[in-house]
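J.: Please read through the structure below; I'll follow up with questions.
The values are calculated or read from the model by the stated rules, or taken from the named source; none is laboratory data. Here the structure is a predicted model, which is why all the values come from computation and not from measurement. Here the Cβ is made from the backbone with ideal geometry for all residues, glycine too, and neighbour counts use every protein chain on show. Accessible surface is based on the protein model in full, side chains and every heavy atom, while ligands, DNA and RNA are left aside. Shrake-Rupley method; radii C 1.70, N 1.55, O 1.52, S 1.80 Å.
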Amino acid sequence: MEVIIRPTTETATELTAQLIAEKVKQKPSLCLGLATGCTMEKVYDKLANKHQKGLDFSLIRTYNLDEYIGLSPENPNSYRYYMNKHLFNRINVNLCNTHLPLGTAEDLELECKLYEESIKNSGGIDLQLLGIGRSGHIGFNEPLSALSSRTRDKALTPVTVAQNSPLFDPPESMPKRAFTMGVGTILEAEQVIMLVTGKEKAEILAKAVEGPITSMISATALQLHSNCTVIVDEAAAANLQGTDYYRWIFENEPKWEPYR
Ligand code: GLP
């Protein structure tokens with residue numbers, strides 16, 4: 001795992017978007033794992049800007065981490081709606097190549113099985129983008145999610161409901177269950193980038209990156225991944241112990257030179 005500290009949310013977000021853009025240029029048919037949440041909106045703004053300047057997304061394939069159970073794609077609170085609004089409708093991706101579990105699927109188990117099969121048949125995820133929830137979840141892998149878990153439906157914790165329900169009107173209408181890729185599914189991505197910004201994430205980030213691996217905080221499983229970069233701003237880095245070392249890496253490793 002590498003931790004890269006950038007001075008501001010803006011520079012952390014820009015670095016994340018740059019790394020994604022580089023990957024798309026290197027492999028136009030990139031299979032991209034995508035996340036939702038406020039943190040990602042800024043990344044998608046930047047990718048849309050890069051598309052305006054010529055970045056071609058026509059051949060990419062995408063798989064999102066999660067979707068609320070019971071919400072249709074047309075529901076403004078569904079993650080399908082979020083993705084269309086914040087990214088897909090602003091770039092030239094072929095919508096047929098964008099995938100999220102269907103929130104209104106009748107057979108939940110079958111939907112999860114088909115999602116896993118689809119990822120596998122696509123050749124697997126090349127680059128998975130992640131945020132972190134306040135409960136330490138990645139996707140909706142809430143505390144005690146098995147570190148080998150696969151795509152499944154999961155009950156959301158009160159912490160997650162408290163974090164996300166203000167986006168719903170009324171807040172009580174927020175679904176209490178969601179489909180999520182499993183921790184095991186996420187760990188199979190070839191490369192992972194987790195973006196974490198803001199002081200309210202500082203405590204959970206330090207546990208996720210520097211604490212012991214535990215299913216109580218599913219993001220700690222990323223310590224098992226051999227190609228995982230965690231990009232943070234100064235505010236989110238506030239509780240980290242190893243900041244001198246992380247800063248040294250960014251300033252001295254040749255691979256980071258183009259981004260300094
Ligand atoms: C949701 C998503 C997560 C995301 C998290 C963080 O819970 N399921 O994938 O990481 O939100 O959201 P925010 O960026 O708004 O803090």
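J.: Mind ordering 99-110, 145-156 by average Cβ neighbours within 10 Å, highest first?
T.: Taking the mean over residues of other Cβ atoms within 10 Å, the ranking is 145-156, 99-110.
J.: When the dipole is taken about the Cα centre of region 1-138, and only Lys, Arg (+1) and Asp, Glu (-1) are charged at their Cβ, what size is it in debye, to the nearest 20?
T.: Numbers: 15 positive and 17 negative charges, 130 e Å.
It works out to roughly 620 debye.
J.: With the convex hull built on the Cα atoms of the chain, state its orientation-averaged projected area in nm².
T.: Working: hull surface 51.0 nm².
Mean projected area for the chain: 12.8 nm², to one decimal.
J.: Over the chain, what percent of the accessible surface lies on carbon and sulfur atoms, probe 1.4 Å?
T.: That fraction is 51 percent.
J.: Another question, if that's okay. Under a Cβ-only charge scheme (Lys and Arg +1, Asp and Glu -1), can you give me the dipole magnitude of region 2-254 about the Cα centre, in debye to the nearest 20? Walk me through the intermediate numbers first.
T.: Details: 24 positive and 31 negative charges, 64 e Å.
Dipole size: approximately 300 debye.
J.: In square angstrom, what is the accessible area per residue of region 2-254 with a 1.4 angstrom probe?
T.: Each residue of region 2-254 exposes 43 Å² on average to a 1.4 Å probe.
J.: Right, another one. Based on the alpha-carbon gyration tensor of region 24-135, what equivalent-ellipsoid semi-axes (square roots of 5 times the eigenvalues) come out, in whole Å, largest first? Walk me through the numbers before you get to the answer.
T.: Working: eigenvalues 101, 58, 33 Å².
Square roots of five times the eigenvalues give 23, 17, 13 Å.
J.: So, counting K/R as plus one and D/E as minus one, what does the shell of residues with Cβ under 12 Å around Thr36 add up to?
T.: Neighbour charge sum, excluding Thr36 itself: -1.
J.: Please tell me which of these pairs span more than 23 angstrom C-alpha to C-alpha: Lys120/Lys154; Lys50/Lys113; Lys176/Lys199; Lys176/Lys207; Lys53/Lys85; Lys25/Lys53?
T.: Checking Cα-Cα distances, Lys50/Lys113; Lys176/Lys199; Lys176/Lys207 exceed 23 Å.
J.: Distance between the C-alpha centers of region 186-260 and region 31-65? Whole Å please.
T.: Each part's Cα centre sits 21 Å from the other's.
J.: Sort Lys85, Lys53, Lys42 by heavy-atom solvent-accessible area, probe 1.4 angstrom, most to least.
T.: Lys53, Lys85, Lys42
J.: Just how many % of Cα pairs in region 93-192 lie over 19 Å apart, if you round to the nearest whole percent? If you can, show how the numbers build up before the last one.
T.: Numbers: 2315 of 4950 pairs.
Summing the P(r) of region 93-192 above 19 Å gives 47 percent of all pairs.
J.: Give the residues of region 133-167 whose amide nitrogen is closer than 20 Å to a point set 7 Å from the Cα of Glu200 in the direction of its Cβ.
T.: From region 133-167, the list is 133-143, 156-167.
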